[in-house]
Amino acid sequence: MPTKATWMTRQAGILLPVSSLPSPYGIGTLGQAAREWVDFLAAARQSCWQVLPMGPTSFGNSPYQSYSAFAGDALYIDLDLLCEDGLLGGKRLKKINWNGEAQKGAPARVDYDAVRAGRGPLLRKAYENFKKPKALGRFRKENAAWVEDYALFMALKEEHGGTPWYQWEEPLRLREPGAMKAARKALEKELGFHVFTQYIFFKQWEKLKKYAGKRGVKIIGDAPIYVSGDSADVWAHPELFQLDENNLPTAVAGCPPDAFSEDGQLWGNPLYRWDVMGEAGFGWWISRLRANLEMFDILRIDHFRGFESYWSIPYGDETAKNGKWCKGPGMKFIKAVNQALPGAAIIAEDLGMLTPGVHKLLAQSGYPGMKVLQFAFSAGEESSYLPHNLPKNAVVYTGTHDNDTTLNWLDTAAPADLEKAQDYLGFAAAGEQGVWSFIRGAMTSVCDLCVIPMQDYLCLGPEARVNTPSTVGPENWSWRMEKGACTKDLAKKIARLTVISGRAEMEDTHDNKRRAGKKSGRKKSK
């Protein structure tokens with residue numbers, strides 16, 4: 001087995017959710033704002049753009065609770081691009097209140113209810129105007145393994161007023177053949193609409209990815225280890241999950257109590273039947289990873305430690321306290337993935353409560369793990385996250401989407417922890433100077449890949465936090481970057497640090513080589 005990811009080279013990137021882009025229609029999309037963001041990354045000499053999961057969100061608007069492990073979120077479809085394709089008229093877009101009840105002058109946030117309410121009729125109008133049945137038919141055929149179940153799932157969910165599938169009447173809940181056939185016939189037009197939204201999403205995504213590739217920017221995607229209980233995946237493949245005869249979970253996922261949460265974290269996702277998956281060669285997982293690796297250049301797999309062992313909580317419990325550790329598929333799963341997807345560019349999110357078994361599994365997989373600088377400065381202990389303890393085959397962050405911004409970490413850290421960070425990183429003031437010292441510490445580490453959340457480059461405070469784990473509310477997943485934040489001066493500052501950290505060549509390297517070649521009279525070989 002490999003001991004190091006062969007695709008890793010010394011490079012840098014920025015973490016920014018697509019939802020946080022400053023598009024004009026209430027949420028970030030795949031159009032002009034995304035292309036301008038890619039241009040900024042290229043100017044800042046960044047090789048990577050890391051995003052969050054892109055699936056259609058359900059409970060709490062969390063991208064880690066999606067209606068599908070394969071589908072894209074129609075909220076990211078760019079409306080201006082639909083106008084360019086002749087599917088919408090621009091006047092319709094200006095009549096909609098995309099920001100709900102947002103107060104004038106308040107920081108921009110995604111109002112998911114307002115965005116969904118505004119987009120729904122527009123996407124349906126675009127479907128009515130769509131006149132390329134052959135293209136849609138090809139997409140439907142090529143993605144039949146998942147898009148048919150997803151489209152029917154979404155159509156039935158609308159028929160049932162949004163209620164979860166496990167509350168539907170028994171014939172549909174248990175997918176009895178007669179009920180399924182009748183539903184497909186009755187909801188034929190709705191199925192076509194949901195297939196259409198996926199066709200448009202992936203068409204726009206492929207165009208954006210190609211644009212990024214031409215600018216030298218790779219996109220890092222994110223695959224949650226679990227899927228939502230209320231998802232097309234669990235409804236269509238109940239045999240792969242720990243469910244009872246009524247297709248209700250017998251146990252659900254989460255994390256045990258720790259220093260951050262005395263009750264632990266109750267995620268509520270149904271757990272996998274790893275024995276059944278293993279007997280089938282982990283085919284569902286490999287199909288999922290293959291689809292994600294076609295969509296992204298690099299893929300981060302969330303909660304990697306769950307493959308070694310996972311926290312199983314009795315269904316119906318209100319906290320994670322009564323859970324227990326159960327063995328995961330371990331190296332059998334990793335071998336199957338590496339054999340089916342050789343050389344796949346995978347990052348393992350190995351944060352949390354780690355054991356020697358998890359460390360061994362990560363080492364045997366060859367996947368780079370994650371290192372977070374905000375975890376490095378607990379006073380009185382020698383942390384493995386300190387820069388001098390980091391390995392090359394890893395991705396280093398100042399913080400992730402689940403962390404506070406570094407500015408607020410500095411403002412709220414225990415005095416002894418802050419003092420240790422100041423002594424180690426060599427800064428006096430805990431404001432912007434401290435933030436840039438954290439960034440410099442990450443960028444100059446030996447880790448091959450360094451990814452910095454955009455909020456840290458902007459030196460933003462707690463108002464820009466993406467998510468607070470174990471909480472549900474409008475502040476989570478809703479932060480948006482202000483238009484105009486990506487200035488030329490900031491790009492130059494990031495580029496300079498990237499170059500001196502050895503994560504990009506000097507900007508004029510290729511020009512100098514070309515001029516040197518002309519002076520020497522060398523000719524290109526034919």
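One line per residue, one yes/no per condition, for (1) charged (D, E, K, R); (2) at pLDDT 95 or above; (3) closer than 30 Å to residue 5 by Cα; (4) part of a loop (DSSP other than H, G, I, E, B):
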{"residue": "422", "(1), (2), (3), (4)": "no, yes, no, no"}
{"residue": "427", "(1), (2), (3), (4)": "no, yes, no, yes"}
{"residue": "439", "(1), (2), (3), (4)": "no, yes, yes, no"}
{"residue": "481", "(1), (2), (3), (4)": "no, yes, no, yes"}
{"residue": "498", "(1), (2), (3), (4)": "no, yes, yes, no"}
{"residue": "519", "(1), (2), (3), (4)": "yes, no, no, no"}
Evaluate the following for residue 416: is it of a type in the set (Gly, Ala, Ser), more than 18 Å from residue 379 (Cα to Cα) and open to solvent by 30 Å² or more (accessible area, probe 1.4 Å)? no
Which of (1) within 21 Å of the chain's Cα centre (by Cα); (2) of a type in the set (A, V, I, L, M); (3) under 22 Å from residue 370 (Cα atoms) does residue 472 not meet, given it meets every other one? (3)
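Okay, residues lined up against (1) under 22 Å from residue 314 (Cα atoms); (2) polar (S, T, N, Q); (3) open to solvent by 30 Å² or more (accessible area, probe 1.4 Å); (4) within 17 Å of the chain's Cα centre (by Cα):
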site: 196; (1), (2), (3), (4): no, no, no, no
site: 201; (1), (2), (3), (4): no, no, no, yes
site: 204; (1), (2), (3), (4): no, yes, no, no
site: 213; (1), (2), (3), (4): no, no, yes, no
site: 226; (1), (2), (3), (4): yes, no, no, yes
site: 240; (1), (2), (3), (4): yes, no, no, no
site: 243; (1), (2), (3), (4): yes, no, yes, no
Hits in region 174-183 - residues which are among the charged types (D, E, K, R) and either surrounded by 16 or more Cβ atoms within 10 Å (Cβ to Cβ) or at pLDDT below 95 (or both): 175
Go through (1) outside any helix (DSSP H, G or I); (2) buried (at least 22 other Cβ atoms within 10 Å of the Cβ); (3) of a type outside the set (D, E, K, R) one by one and return the number of the condition residue 266 breaks. (2)
For region 169-223 the number of residues that are of a type in the set (A, V, I, L, M, F, W, C), part of a helix (DSSP H, G or I) and without any contact (Cβ under 8 Å) to a residue 40 or more places away in the chain is 6
Close pairs (6 angstrom Cβ cut-off, 6 or more residues apart or separate chains): more than 17 Å from residue 495 (Cβ to Cβ) in region 433-449, crowded, with 20+ Cβ neighbours inside 10 Å and modelled with pLDDT under 95 anywhere: 448/8
Report yes if residue 224 is modelled with pLDDT of 95 or more, in contact with a Pro (Cβ under 9 Å, 6 or more places away or on another chain) and within 30 Å of residue 38 (Cα to Cα), otherwise no. yes
Being without any contact (Cβ under 8 Å) to a residue 12 or more places away in the chain and within 16 Å of residue 445 (Cβ to Cβ) is the filter here, so list the residues in region 399-414 that pass it. none
Helices (runs of 4 or more DSSP H) completely within region 44-153 that count 3 or more residues being touching a residue at least 12 places away in the same chain (Cβ under 8 Å) and either open to solvent by 30 Å² or more (accessible area, probe 1.4 Å) or under 30 Å from residue 349 (Cα atoms) (or both): 112-129
Does residue 278 qualify as being open to solvent by less than 20 Å² (accessible area, probe 1.4 Å) and at positive phi? no
With the structure loaded, tell me whether residue 171 is surrounded by fewer than 19 Cβ atoms within 10 Å (Cβ to Cβ) and at pLDDT 95 or above or whether it fails that test. yes
Can you spot a residue in region 29-51 that is at pLDDT below 95 and out of contact with any Pro (no Cβ under 8 Å at 6 or more places or on another chain)? no
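The values are calculated or read from the model by the stated rules, or taken from the named source; none is laboratory data. Just so you know, these numbers come straight off a predicted model, no measurement behind them. Using ideal geometry, Cβ is built from the backbone for each residue, glycine included, and neighbour counts are taken over all protein chains shown. We work out accessible area using only protein heavy atoms, side chains counted, and drop any ligands, DNA or RNA first. Shrake-Rupley method; radii C 1.70, N 1.55, O 1.52, S 1.80 Å.
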